[in-house]
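Colleague: Input: one structure, supplied below.
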Amino acid sequence: AASAELVGWTDSAVYRTRSPILDDLARASGGDPLARLYRPADLDLTAGRDPSLLNRLTLLPDCGLEDGLTHLDTYEPYHPPREELLWKKVRARPLRLLQLTATRFALLGDGQVGRAVPPGLKLVVRYPDLGASLYEVEGAAPRAWLALRARPVSDATEAAAAVAVPAFVPGEDLVVEGGEARATDGRCTIERYAPERIVARCRASAPGYFVLSDEHLPGWRATVDGAPAPILPGNVLLRAVPVPAGDSRVELTYRPRGLDAGFFAAALGLALAVALLVAARRRTTPTAPAP
């Protein structure tokens, strides 16, 4: 794509348009490129504004929709059955879902919040022309963190009940499926974050769990200091990797299920094709007459 020649391309200011919300979010997050923003699907940012606004902004690269906020709606739709299970447990305290998923900011309509800012939300800036405001979600877990307290649970149902308890602290407490109880102190930070490769550094006073507040999906593999390590479901939705005491390096890489089998099948097919080609050439090559 980088080497493709553009034909009939015209310079346009559309591609230099930037929503002020992006700048406000960058300032509020301290320039954190992994800051998550939640925006309800029913929040219409184009109501009552220039009808051409939506068409103009849909041309923004990597944005796609209203006010160029689509690429910042990185509150992922987590695995639907698990997210639905968790939502049923925390419905009475909706901010708990955002706290657990490291969703630090929320863009909410004035009609959704009301005149008084509810507990757990901190007003960052109002947008009267949009009928919305940007809020910071207090108590949101970091994107990557070391679980200070971890205990095992049998399944997602038990995990959802555990994280809904008011005393449970997102970003510190962990319930892990298939793991063991651990208590430690320290921290984990992200060193590199790319779509298919994530590297983190951890320092722990005792064995614990590195937690990445991204969806637990098949296809991800983990190593700790170069050795294979399991990725366990943590807090219903997240990825938890056991780490030892002291300093450690955690690397997560993504390889879709079936990719290795596909490579093997392709290599086998190629080898078979080469063998058949060689055999065919041998049959068709004339031999010299015997003297």
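Colleague: What are the residues in the range 166-177 that are of a type outside the set (G, A, S) and either open to solvent by 70 Å² or more (accessible area, probe 1.4 Å) or out of contact with any strand residue (DSSP E or B) (no Cβ under 6 Å at 6 or more places or on another chain) (or both), if any?
Modeller: Selection gives P166, F168, V169, P170, E172.
Colleague: List every residue pair whose Cβ atoms sit under 8 Å apart, with the two residues 6 or more apart in sequence or on different chains, where the first one lies in the range 212-230 and is on the phi > 0 side of the Ramachandran plot and the second, anywhere, is assigned to a strand (DSSP E or B) and open to solvent by less than 40 Å² (accessible area, probe 1.4 Å).
Modeller: D225/S248
Colleague: Next question, about the same structure. If you scan the range 126-139, which residues turn out to be in contact (Cβ under 8 Å) with a residue 24 or more places away in the chain, under 15 Å from D23 (Cα atoms) and open to solvent by 40 Å² or more (accessible area, probe 1.4 Å)?
Modeller: Selection gives E136 alone.
Colleague: Identify all residues within the range 149-165 that are open to solvent by 40 Å² or more (accessible area, probe 1.4 Å) and touching a residue at least 40 places away in the same chain (Cβ under 8 Å); write none if there are none.
Modeller: Hits for the range 149-165 are T157, A161.
Colleague: Checking G114 against (1) open to solvent by 20 Å² or more (accessible area, probe 1.4 Å); (2) on the phi < 0 side of the Ramachandran plot, which single condition isn't satisfied?
Modeller: Just one mismatch for G114, condition (2).
Colleague: Which of the numbered conditions does A28 fail, given that it passes all the others? Conditions: (1) over 23 Å from F168 (Cβ atoms); (2) surrounded by fewer than 18 Cβ atoms within 10 Å (Cβ to Cβ); (3) at pLDDT 55 or above.
Modeller: For A28, the exception is condition (2).
Colleague: Here's another thing I want to ask about it. Filter the range 209-235 down to the residues that are open to solvent by 10 Å² or more (accessible area, probe 1.4 Å) and under 18 Å from L97 (Cα atoms), then identify the one that is farthest from the chain's Cα centre (by Cα).
Modeller: P233
Colleague: For the range 25-44, name all the residues that are hydrophobic (A, V, I, L, M, F, W, C) and either in contact with a Gly (Cβ under 8 Å, 6 or more places away or on another chain) or over 16 Å from V125 (Cβ atoms) (or both).
Modeller: L34, A41, L43 - these are the residues of the range 25-44 that are hydrophobic (A, V, I, L, M, F, W, C) and either in contact with a Gly (Cβ under 8 Å, 6 or more places away or on another chain) or over 16 Å from V125 (Cβ atoms) (or both).
Colleague: Can you go through A200, A206, A245 and tell me which one is in contact (Cβ under 8 Å) with a residue 12 or more places away in the chain and surrounded by 18 or more Cβ atoms within 10 Å (Cβ to Cβ)?
Modeller: A200
Colleague: Another question, then. Just a yes or no: is a residue in the range 235-253 at pLDDT below 95 and of a type in the set (D, E, K, R)?
Modeller: There is no residue in the range 235-253 that is at pLDDT below 95 and of a type in the set (D, E, K, R).
The values are calculated or read from the model by the stated rules, or taken from the named source; none is laboratory data. Computed from a predicted structure; not experimentally measured. Every residue, glycine as well, gets a Cβ built from its backbone with ideal geometry; the counts of neighbours run over all protein chains shown. Each accessible area value is taken on the protein alone, full model and side chains, heavy atoms only, with ligands, DNA and RNA left out. Shrake-Rupley method; radii C 1.70, N 1.55, O 1.52, S 1.80 Å.
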